[in-house]
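The values are calculated or read from the model by the stated rules, or taken from the named source; none is laboratory data. Note that the structure is a prediction, hence the values are computed from the model and not measured. Positions of Cβ are generated from backbone atoms using ideal geometry, with glycine treated the same way; all protein chains shown enter the neighbour counts. Side chains are part of the model used for accessible areas, which takes the heavy atoms of the whole protein and leaves out ligands, DNA and RNA. Shrake-Rupley method; radii C 1.70, N 1.55, O 1.52, S 1.80 Å.
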Amino acid sequence: MKVLAIYSMKGGVGKTAASVNLAYWAAASGLKTLLIDLDPQGASSFYFRVKPAKKDWGQRFFKTYENLLKQIRASDYENLDIIPAHLSFRNFDVVLHNLQKRNKRLKKVLQGMRKEYDLIVLDCPPSLGNLSEAVFTAADHLLVPVIPTTLSERTFNQLLAFFAREGYSQEKILAFFSMVQSQKNMHKGIQDTMRQAWPDFLTSSIPFSVDVENMGEYRAPVDQFAHNKPANAAYQSLWQEVHRRL
Amino acid sequence: MNNVKEYCWLISQQPGKKRLQTLIGPALRLTEEGRWETSIHLLDDFDWHIYRSGQSLIHSVADDAPDQGRCVLIKSDKPVCEQDNLSIQPVFWHDVPSGKLQQSLKKLLGYSGLIRVLQIDEQRTVLACRDEEQKILLRLEVIKQTVSSHLGTDTTPYDRVLLRILPLRGYHKEATQVAESLRRLRHKEAESLNTGELLALCKIDPEAELLPNPLPLDPQEHTESALRAATRLLLKQARRYEAGIIADTDTEYLHQYRVNVRRARSLLSLLKQALPDQEGRELRQRLANMVRPTNALRDMDVFLLQRSFYGGLLPQPFQSGLEMLFRETEQQRQQVQQELAVYLVSEDYQHDCLWLDAQLKKPADFAAPLAPVPLHQVASSKIFKTYKRICKLGSAITETTPDEQVHDLRLDCKKLRYLLDFFAALYPQEQISRHTKALKVLQTILGDFNDYAVQQESLLGQVTAQTPPDQAAAIHGLVALLYQKQLVARSQVMQALETFASDALRADFKAAYSPRKDRK
């Protein structure tokens with residue numbers, strides 16, 4: 001079992017869209033996949049039409065994996081299950097703060113899933129706190145969407161610096177360009193600069209696309225309603241590249 | 001874990017989507033996800049080896065992808081192993097690509113071929129049950145099956161409709177509620193491909209086709225009556241295989257035919273004092289007449305079945321000669337098989353079979369010495385005497401004993417095996433299994449020893465002055481290698497005999513079959 005976290009400190013960079021579409025393609029490729037929506041906003045749960053649990057269970061999330069098992073819901077797609085977000089997840093940083101070995105907690109509960117799943121996809125909230133550090137420890141790879149803008153470049157460099165400072169392996173980081181508008185010179189320029197500075201950037205990138213925005217309307221992965229569109233091909237290609245690296 | 005309870009019901013009528021929606025109510029909305037038509041065959045060999053293992057083999061082909069068949073081995077409605085993308089329906093285990101299914105079939109079928117037992121034409125409609133946000137919470141499958149038999153002459157199709165309720169993980173409560181609202185449609189619980197149910201629907205009973213194992217025996221029954229009844233059963237079983245021999249479906253039909261006739265003949269011989277002399281002799285003679293015309297074909301079958309074994313023994317330069325030999329044998333086999341088929345449908349053969357049946361059906365006249373003796377008295381005495389004889393003959397065998405004596409010993413072991421098989425019902429099952437297992441070890445070694453000798457003789461018999469040099473070289477090469485194998489088997493005989501005549505086993509046989517002790 002592999003754990004793939006879709007992570008960025010910055011919001012609005014396409015984390016949820018990537019989580020939803022990559023989990024969908026992983027499942028379609030035959031991997032038993034579990035998507036865990038760690039973001040209390042619950043956007044990926046929304047895209048899959050999965051309602052959050054009625055009970056407030058965030059406090060129990062890091063205790064035993066059996067708590068997680070009870071929350072698993074099947075998606076409408078074969079091989080793909082989901083643990084929907086809950087508003088109580090907003091307190092994860094505090095919950096973890098009060099626990100011992102907080103960085104290893106997430107890794108430990110996810111280990112309980114290894115018999116059932118080949119891949120766990122974590123859709124992470126945009127922050128840098130206890131939860132993020134637990135994610136850095138638990139994940140085999142951190143997939144980081146980067147919009148080719150100055151601000152995103154800065155955020156990405158901050159993440160690299162944080163990894164270096166805290167002793168996390170930078171090899172875990174897989175970055176890709178997201179919401180790319182190739183007609184913009186700035187996007188082109190920043191992609192070139194960043195690829196030179198960080199040669200390990202994935203070659204696949206996700207274009208800025210109305211089809212991705214339409215996921216909210218259709219509440220489904222892009223493939224389900226825009227099968228022949230470039231955005232769909234981009235996610236499929238991104239998945240294939242990530243799959244090879246897992 | 002994901003222990004989702006599925007429901008599968010037999011229902012009396014095919015319900016439309018509207019009817020199901022009305023029963024479920026407005027809180028959940030039904031949408032059709034698709035309709036599939038599939039042609040399914042239940043496969044097994046003629047002796048029901050898959051059925052007898054408690055499993056079913058299903059070959060299915062979707063109407064829209066006729067060259068992408070799928071084979072699934074099922075146990076208790078759950079797939080054990082499967083194979084996709086089969087362009088043709090497999091007949092032998094090696095027709096399936098290597099993998100788990102091939103391994104399972106190899107073990108279950110041996111040399112037997114698969115035949116179609118049942119055909120199930122299935123129309124499957126899948127409906128998604130969605131909540132107000134259009135999320136699928138469960139699925140319903142309405143399955144209309146038309147089932148017909150491929151065996152015998154009754155191919156009447158039978159229709160049935162099944163409703164499956166397939167919950168999705170995390171939505172068990174909703175599935176239970178839907179099941180409750182649809183419960184009035186339920187006729188009874190069912191499985192979509194339960195072999196027992198489907199066979200019963202087509203009035204097929206595999207148990208009735210097979211020889212009971214062990215043969216049903218009453219310990220108090222007079223030996224003559226029991227012998228007549230058992231011989232008739234064995235002959236009836238043998239004749240079951242005639243059609244397969246004539247159609248040349250696979251080599252097992254002939255093999256099983258011969259096994260059953262030989263068992264019958266051997267019983268008549270082992271218990272000859274239970275029948276009038278003249279009658280017994282004539283019965284045995286007629287049975288020998290039945291087997292004789294099958295010998296040539298069986299010898300060729302045995303040779304051809306060894307193709308890969310022989311191929312593996314010889315180095316490359318001999319392969320073309322060997323291949324030539326196989327091709328020639330295949331051609332000869334065709335001719336011999338046709339001759340046998342003609343014989344099996346001939347009036348003479350049919351007449352012999354009728355005569356045998358009529359003779360065996362005659363009531364016992366208790367003229368022979370063992371005829372009126374209760375079966376259990378005869379059984380123990382025969383088994384124990386034969387065991388003792390094997391031990392005695394065995395003790396005389398040394399490294400230098402002529403092969404002939406070893407062959408005689410093999411025949412006595414065979415007799416003991418027939419006796420244990422025949423009288424099995426009179427003794428505890430565990431005891432018979434224990435003794436048969438011990439005997440089998442010895443029989444395997446003696447059997448190998450004999451087979452290697454027979455194979456050498458048969459191969460050498462094929463060399464004539466006209467035999468091409470390549471072919472002759474392959475034959476001589478094989479004979480040399482088989483001789484080496486025969487020597488190895490011979491060297492194991494002494495050890496196997498020692499184990500079979502050990503004090504412990506001797507005491508065990510004595511305790512179990514000592515004539516003074518009456519049992520069961």
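Hey, can you tell me all the residues within region A:202-238 that are closer than 18 Å to A:K172 by Cα and either open to solvent by 10 Å² or more (accessible area, probe 1.4 Å) or small (G, A, S) (or both)?
A:T203, A:S204
For residues that are away from chain B (no Cβ under 13 Å) and not in a helix (DSSP H, G or I), scanning just region A:56-76, find the one that is farthest from A:L87 (Cα to Cα).
A:T64
Please work out which residue is nearest to B:S104 (Cα to Cα), limiting yourself to region B:39-58 and to residues that are open to solvent by 10 Å² or more (accessible area, probe 1.4 Å) and in a helix (DSSP H, G or I).
B:H49
Open to solvent by 60 Å² or more (accessible area, probe 1.4 Å), of a type in the set (A, V, I, L, M, F, W, C), outside the structural domain of B:P216 (by TED's automatic domain parsing) and assigned to a helix (DSSP H, G or I) - does that describe any residue in region B:418-435?
No: region B:418-435 contains no residue that is open to solvent by 60 Å² or more (accessible area, probe 1.4 Å), of a type in the set (A, V, I, L, M, F, W, C), outside the structural domain of B:P216 (by TED's automatic domain parsing) and assigned to a helix (DSSP H, G or I).
Looking only at region A:114-130, filter to residues that are over 21 Å from A:H86 (Cβ atoms) and more than 14 Å from every other protein chain (Cβ to nearest Cβ); which one of those is surrounded by the most Cβ atoms within 10 Å (Cβ to Cβ)?
Filtering region A:114-130 for residues that are over 21 Å from A:H86 (Cβ atoms) and more than 14 Å from every other protein chain (Cβ to nearest Cβ), the one surrounded by the most Cβ atoms within 10 Å (Cβ to Cβ) comes out as A:L119.
If you scan region A:94-113, which residues turn out to be buried (at least 18 other Cβ atoms within 10 Å of the Cβ) and either within 14 Å of chain B (Cβ to nearest Cβ) or not in a helix (DSSP H, G or I) (or both)?
A:M113 - this is the single residue of region A:94-113 that is buried (at least 18 other Cβ atoms within 10 Å of the Cβ) and either within 14 Å of chain B (Cβ to nearest Cβ) or not in a helix (DSSP H, G or I) (or both).
Go through region A:41-88 and count every residue that is within 22 Å of A:R105 (Cα to Cα), among the acidic types (D, E) and more than 18 Å from the chain's Cα centre (by Cα).
Residues meeting the conditions: 2.
Test A:I120 against the criterion of being of a type in the set (V, I, T) and farther than 12 Å from A:I36 by Cα, and give yes or no.
No.
Could you check, for region B:258-266, whether at least one of its residues is farther than 18 Å from B:K415 by Cβ and open to solvent by 30 Å² or more (accessible area, probe 1.4 Å)?
For region B:258-266, residues farther than 18 Å from B:K415 by Cβ and open to solvent by 30 Å² or more (accessible area, probe 1.4 Å): absent.
Tell me whether region A:188-195 contains one or more residues that are open to solvent by 40 Å² or more (accessible area, probe 1.4 Å) and within 19 Å of the chain's Cα centre (by Cα).
No, every residue in region A:188-195 fails to be open to solvent by 40 Å² or more (accessible area, probe 1.4 Å) and within 19 Å of the chain's Cα centre (by Cα).
Among the listed residues B:L163, B:L182, B:L137, which satisfies the condition of being within 14 Å of chain A (Cβ to nearest Cβ), at pLDDT 95 or above, surrounded by 18 or more Cβ atoms within 10 Å (Cβ to Cβ) and over 30 Å from B:R298 (Cβ atoms)? Write out each step before concluding.
Details: B:L163 fails: within 14 Å of chain A (Cβ to nearest Cβ); B:L182 fails: within 14 Å of chain A (Cβ to nearest Cβ).
On inspection, the qualifying residue turns out to be B:L137.
Out of (1) under 19 Å from the mean Cα position of the chain (by Cα); (2) away from chain B (no Cβ under 14 Å), the odd one out for A:K229 is which?
(1)
Among residues belonging to region B:100-113 that are out of contact with any helix residue (DSSP H, G or I) (no Cβ under 8 Å at 6 or more places or on another chain) and open to solvent by less than 40 Å² (accessible area, probe 1.4 Å), point out the one that is nearest to the other protein chains (Cβ to nearest Cβ).
The residue in question is B:L101.
Any residue at all in region B:402-410 that is modelled with pLDDT under 95 and polar (S, T, N, Q)?
Yes, some residue in region B:402-410 is modelled with pLDDT under 95 and polar (S, T, N, Q).
Quick check, is B:V147 without any contact (Cβ under 8 Å) to a residue 60 or more places away in the chain, more than 14 Å from every other protein chain (Cβ to nearest Cβ), surrounded by 15 or more Cβ atoms within 10 Å (Cβ to Cβ) and not basic (K, R)?
yes
Which residues, taken from region B:19-38, are open to solvent by 80 Å² or more (accessible area, probe 1.4 Å) and assigned to a helix (DSSP H, G or I)?
Within region B:19-38, B:R19, B:T22 qualify.
Inside region B:185-204, can you point out the residues that are open to solvent by 40 Å² or more (accessible area, probe 1.4 Å) and in contact with a Leu (Cβ under 7 Å, 6 or more places away or on another chain)?
Those that are open to solvent by 40 Å² or more (accessible area, probe 1.4 Å) and in contact with a Leu (Cβ under 7 Å, 6 or more places away or on another chain): B:H187, B:K188.
A quick yes/no check of all residues on (1) within 26 Å of B:R327 (Cα to Cα); (2) part of a loop (DSSP other than H, G, I, E, B); (3) touching a Ser or Thr at 6+ places or on another chain (Cβ under 8 Å); (4) at pLDDT 90 or above:
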site	(1), (2), (3), (4)
B:A473	yes, no, no, yes
B:S491	no, no, no, no
B:L505	no, no, yes, yes
B:K510	no, no, no, yes
B:P515	no, yes, yes, no
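Can you tell me which residue among A:A5, A:A85 is within 21 Å of A:A134 (Cα to Cα), away from chain B (no Cβ under 14 Å), open to solvent by less than 10 Å² (accessible area, probe 1.4 Å) and touching a residue at least 60 places away in the same chain (Cβ under 8 Å)?
Only one candidate passes the filter, namely A:A5.
Of all residues in region B:65-82, which are over 15 Å from B:I40 (Cβ atoms) and in a strand (DSSP E or B)?
Listed by number, the residues that qualify are B:K75, B:K78, B:V80, B:C81.
Quick check, is B:L322 open to solvent by less than 70 Å² (accessible area, probe 1.4 Å) and modelled with pLDDT of 95 or more?
It is false that B:L322 is open to solvent by less than 70 Å² (accessible area, probe 1.4 Å) and modelled with pLDDT of 95 or more.
If a residue has to be touching a helix residue (DSSP H, G or I) at 6+ places or on another chain (Cβ under 6 Å) and crowded, with 19+ Cβ neighbours inside 10 Å to count, how many in region B:218-241 make the cut?
Total satisfying the criteria: 11.
Considering region A:172-187 alone, what residues qualify as being over 18 Å from A:M9 (Cα atoms) and open to solvent by less than 20 Å² (accessible area, probe 1.4 Å)? Talk me through it step by step, then tell me what you get.
In the first step, residues of region A:172-187 are kept if they are over 18 Å from A:M9 (Cα atoms); the result is A:180-187.
If the condition is that a residue be over 18 Å from A:M9 (Cα atoms) and open to solvent by less than 20 Å² (accessible area, probe 1.4 Å), then A:V180, A:H187 are the ones that fit.
Under the condition of being more than 13 Å from every other protein chain (Cβ to nearest Cβ), out of contact with any helix residue (DSSP H, G or I) (no Cβ under 7 Å at 6 or more places or on another chain) and surrounded by fewer than 20 Cβ atoms within 10 Å (Cβ to Cβ), which residue from region A:32-55 is farthest from A:L69 (Cα to Cα)?
Per the stated criteria, the residue is A:Q41.
Here is a list: B:R29, B:R52, B:R35. Which entry is within 14 Å of another protein chain (Cβ to nearest Cβ) and at negative phi? Show your work before the answer.
On the way: B:R52 fails: within 14 Å of another protein chain (Cβ to nearest Cβ); B:R35 fails: within 14 Å of another protein chain (Cβ to nearest Cβ).
None of the others qualify; the one that does is B:R29.
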